[in-house]
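Colleague: Dumping the structure here so I can ask a few things about it.
The values are calculated or read from the model by the stated rules, or taken from the named source; none is laboratory data. These numbers come from a predicted model, not from an experiment. Heads up, the Cβs are rebuilt from the backbone with ideal geometry, glycines too, and the neighbour counts pull from every protein chain shown.
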Amino acid sequence: MSDYLINTYARYHVKLVKGQGSYVYDDKGKKYLDFYGGHAVCLLGHCNPKIVKAINDQSKKLIFYSNIFETEPAAQLAEKLAKTLLPKKYKVYFANSGSEANETAIKIARKHTGKHRIVSFRDSFHGRSAICTSATGIDSYHQFEPNLDSYTSFAVLGDMKSVKKAAKNNTAAVICEPIQSIGGINLADASFYKQLAEFCKRKVILLIFDEIQTGLGRTGNFWFSKSMGIYPDIITTAKGIAGGLPLSAVLVRETISKEIKTGQHATTFGGGPVVCAAGIATVNILTQKNFLKKVKGKNKYLVKKLKKIDGVKGVLGKGFLLGIEFSREIPDLTKTCLKNGLIIGSSYKKNVFRIMPPLTTSKSEIDEFLRLFQISLASAL
């Protein structure tokens, strides 16, 4: 462990030096099958050749200039993202992280409505900034005082009665993480999301979908919201958008975006040429014919196999954003998996373990995951 890094993470004592596809390697040459992807970031595998080429090609032309000038990669990526939501019209703002994207979304909602309160959901996670932690529904993230919790009310995902109770007169927006990842892979019935959208429209409350993890094909559809027949007022996304480089996007309904005037909100680094080149390569892969159809097929294969493992109570989530649920806590499972050359993730629920493999994962790699997982499970029980 470095003597100079602030200890913000409980890091494993493993030093990674290389990644390729679904695997990473440490400084001792040990190989790990990565079914976690660094918090769902490695959407298309480590060092995807097409993304690497896009980064290399752009870095030879222009690495950076601030947003006082136009650049072609930012314009192209914005257009590509906006077109994934047709027939509705959206405009795009680029930032550097999911926290920045969500903070921007909340700022826009407050400015547009002239109201201040936000409704969020218990067990949700929206980021580490002051506004985003106040909208996060997990108490352990509320560690810095004073916070902005007095402007936030919390409902329960899947419970419209709790939403109606939380949405007071001064409510600017409801922010919804449609599959609560760190919260334990919590997913509501499809009818809930439609009722939520209808309620927000009726009450003139903006609906923000935090698709930081669920967007960009992670659930088997490009957008979770669109797959539900919903077009939120604002969608945020990040994580896998640029192959591991820092980039996020805020997609805002065109009618709402017109209210944001020059100088009211901006970023120096957001939407730089290199990260947007990586984003273009990512979207190009995701929109290839049958690519996401194949992801859905691999999901069915993986879920079917997982459900047959002794001790597994259920498999939660959609696509390649999954939680493996047990009837009791298994404290050492993630560490045991790591020892056996497999990386998985934990969650706020100690009996639910998250897997977020690359969408490019092969069937043989799924089989290898199942083998390593069952070996690790037998050792941890």
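Here's the yes/no breakdown for (1) of a type in the set (K, R); (2) outside the structural domain of T282 (by TED's automatic domain parsing); (3) in contact with a strand residue (DSSP E or B) (Cβ under 8 Å, 6 or more places away or on another chain):
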{"site": "S191", "(1), (2), (3)": "no, no, no"}
{"site": "L206", "(1), (2), (3)": "no, no, yes"}
{"site": "Q213", "(1), (2), (3)": "no, no, yes"}
{"site": "R218", "(1), (2), (3)": "yes, no, yes"}
{"site": "F224", "(1), (2), (3)": "no, no, yes"}
{"site": "S227", "(1), (2), (3)": "no, no, no"}
{"site": "I234", "(1), (2), (3)": "no, no, yes"}
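Colleague: Follow-up question, since we're still on this one. If a residue has to be buried (at least 24 other Cβ atoms within 10 Å of the Cβ), aliphatic (A, V, I, L, M) and over 15 Å from K80 (Cβ atoms) to count, how many in segment 239-249 make the cut? Spell out the reasoning first.
Modeller: Kept after step one, since they are buried (at least 24 other Cβ atoms within 10 Å of the Cβ), are these residues of segment 239-249: 239-243, 247-249.
Adding the requirement that they be aliphatic (A, V, I, L, M) leaves 241-242, 247, 249.
Checking which are over 15 Å from K80 (Cβ atoms) leaves us with none.
Selection size over segment 239-249: 0.
Colleague: Among the residues of segment 23-45, is any part of a helix (DSSP H, G or I), more than 26 Å from K318 (Cα to Cα) and either among the polar types (S, T, N, Q) or not assigned by TED's automatic domain parsing to the domain that holds V275 (or both)? Break it down stepwise before answering.
Modeller: Step one: of segment 23-45, the residues part of a helix (DSSP H, G or I) are 37-40.
After this cut, where a residue has to be more than 26 Å from K318 (Cα to Cα) as well, the list is none.
There is no residue in segment 23-45 that is part of a helix (DSSP H, G or I), more than 26 Å from K318 (Cα to Cα) and either among the polar types (S, T, N, Q) or not assigned by TED's automatic domain parsing to the domain that holds V275 (or both).
Colleague: Count, please, the residues in segment 89-108 that happen to be within 22 Å of the chain's Cα centre (by Cα) and not in a strand (DSSP E or B). Let's see the steps before the verdict.
Modeller: In the first step, residues of segment 89-108 are kept if they are within 22 Å of the chain's Cα centre (by Cα); the result is 90-108.
Next, from what is left, pick out any that are not in a strand (DSSP E or B): 96-108.
Total satisfying the criteria: 13.
Colleague: Here are the criteria: (1) crowded, with 21+ Cβ neighbours inside 10 Å; (2) modelled with pLDDT of 95 or more; (3) of a type in the set (S, T, N, Q). Tell me which single one N96 does not satisfy.
Modeller: (1)
Colleague: Taking A78 as the residue in question, decide whether it is assigned by TED's automatic domain parsing to the domain that holds T152, hydrophobic (A, V, I, L, M, F, W, C) and over 25 Å from V295 (Cβ atoms).
Modeller: Taking the combined requirement at face value, the residue does not satisfy it.
Colleague: So R218 ticks every box in (1) out of contact with any Ser or Thr (no Cβ under 7 Å at 6 or more places or on another chain); (2) surrounded by fewer than 24 Cβ atoms within 10 Å (Cβ to Cβ) but one. Which box is left unticked?
Modeller: (2)
Colleague: Name the single residue, out of those in segment 134-153 being closer than 20 Å to I234 by Cα and either out of contact with any Asp or Glu (no Cβ under 9 Å at 6 or more places or on another chain) or assigned to a loop (DSSP other than H, G, I, E, B) (or both), that is modelled with the lowest pLDDT.
Modeller: Taking segment 134-153 as the starting set, the residues that turn out to be closer than 20 Å to I234 by Cα are 134-137, 151-153.
Those left that are additionally either out of contact with any Asp or Glu (no Cβ under 9 Å at 6 or more places or on another chain) or assigned to a loop (DSSP other than H, G, I, E, B) (or both): 135-137, 151-153.
Working: A135: 89, T136: 91, G137: 89, Y151: 85, T152: 90, S153: 93.
Top of the filtered list is Y151.
Colleague: If A155 satisfies all but one of (1) over 20 Å from the mean Cα position of the chain (by Cα); (2) closer than 30 Å to P273 by Cβ, what's the number of the condition it fails?
Modeller: If we test A155 against (1) over 20 Å from the mean Cα position of the chain (by Cα); (2) closer than 30 Å to P273 by Cβ, just (2) comes out false.
Colleague: Give me the pairs: first residue in segment 190-203 and under 17 Å from K226 (Cβ atoms), second residue not in a helix (DSSP H, G or I), beta-carbon distance under 6 Å, and six or more apart or on different chains, which are they?
Modeller: A190/M228; F192/G158; Y193/M228; Y193/I230; A197/L207; A197/I230; C200/V174; C200/L207
Colleague: Something else about it: State whether the residues of segment 197-211 include one that is buried (at least 24 other Cβ atoms within 10 Å of the Cβ), under 30 Å from G45 (Cα atoms) and hydrophobic (A, V, I, L, M, F, W, C).
Modeller: For segment 197-211, residues buried (at least 24 other Cβ atoms within 10 Å of the Cβ), under 30 Å from G45 (Cα atoms) and hydrophobic (A, V, I, L, M, F, W, C): present.
Colleague: Exactly one of (1) free of Cβ contacts under 8 Å to residues at least 60 places away in the same chain; (2) more than 23 Å from G37 (Cβ to Cβ); (3) not in a loop (DSSP other than H, G, I, E, B) is unmet by N56. Its number?
Modeller: The failed condition is (2).
Colleague: Identify all residues within segment 158-172 that are in a helix (DSSP H, G or I) and aliphatic (A, V, I, L, M); write none if there are none.
Modeller: Step one: list which residues in segment 158-172 are in a helix (DSSP H, G or I), which gives 160-166.
Within segment 158-172, M160, V163, A166 meet the criteria.
Colleague: Kindly check whether there is at least one residue in segment 308-325 that is basic (K, R), under 23 Å from L187 (Cα atoms) and over 20 Å from the mean Cα position of the chain (by Cα). If you could, list the steps in order and put the result at the bottom.
Modeller: Taking segment 308-325 first, the residues basic (K, R) are 308, 313, 318.
Narrowing further to those that are under 23 Å from L187 (Cα atoms): 308, 313, 318.
Restricting the remaining residues to those that are over 20 Å from the mean Cα position of the chain (by Cα) gives 308, 313.
There is at least one residue in segment 308-325 that is basic (K, R), under 23 Å from L187 (Cα atoms) and over 20 Å from the mean Cα position of the chain (by Cα).
Quick grid of which residues meet (1) outside the structural domain of Q213 (by TED's automatic domain parsing); (2) in contact (Cβ under 8 Å) with a residue 40 or more places away in the chain; (3) surrounded by fewer than 19 Cβ atoms within 10 Å (Cβ to Cβ); (4) of a type in the set (K, R):
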{"residue": "E103", "(1), (2), (3), (4)": "no, no, no, no"}
{"residue": "R110", "(1), (2), (3), (4)": "no, yes, yes, yes"}
{"residue": "H126", "(1), (2), (3), (4)": "no, yes, no, no"}
{"residue": "I131", "(1), (2), (3), (4)": "no, no, no, no"}
{"residue": "T136", "(1), (2), (3), (4)": "no, no, no, no"}
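Colleague: Where in segment 176-291 are there strands (runs of 3 or more DSSP E), lying wholly inside it, with at least 1 residues that are farther than 29 Å from D139 by Cα?
Modeller: Details: elements: 206-210, 234-237, 248-253.
Counting at least 1 such residues, we get 248-253.
A quick yes/no check of all residues on (1) surrounded by 13 or more Cβ atoms within 10 Å (Cβ to Cβ); (2) in contact with a helix residue (DSSP H, G or I) (Cβ under 8 Å, 6 or more places away or on another chain):
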site	(1), (2)
I256	yes, yes
G270	yes, yes
V275	yes, yes
Q288	no, no
L292	yes, yes
V303	yes, no
L306	yes, yes
G314	yes, no
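Colleague: Picking from K296, K304, K313, which residue would you name as being modelled with pLDDT of 95 or more and not in a helix (DSSP H, G or I)?
Modeller: Working: K296 fails: not in a helix (DSSP H, G or I); K304 fails: not in a helix (DSSP H, G or I).
Within the list K296, K304, K313, the selection yields K313.
Colleague: Does segment 8-19 include one or more residues that are touching a Leu at 6+ places or on another chain (Cβ under 6 Å), outside any helix (DSSP H, G or I) and under 29 Å from G220 (Cβ atoms)?
Modeller: No.
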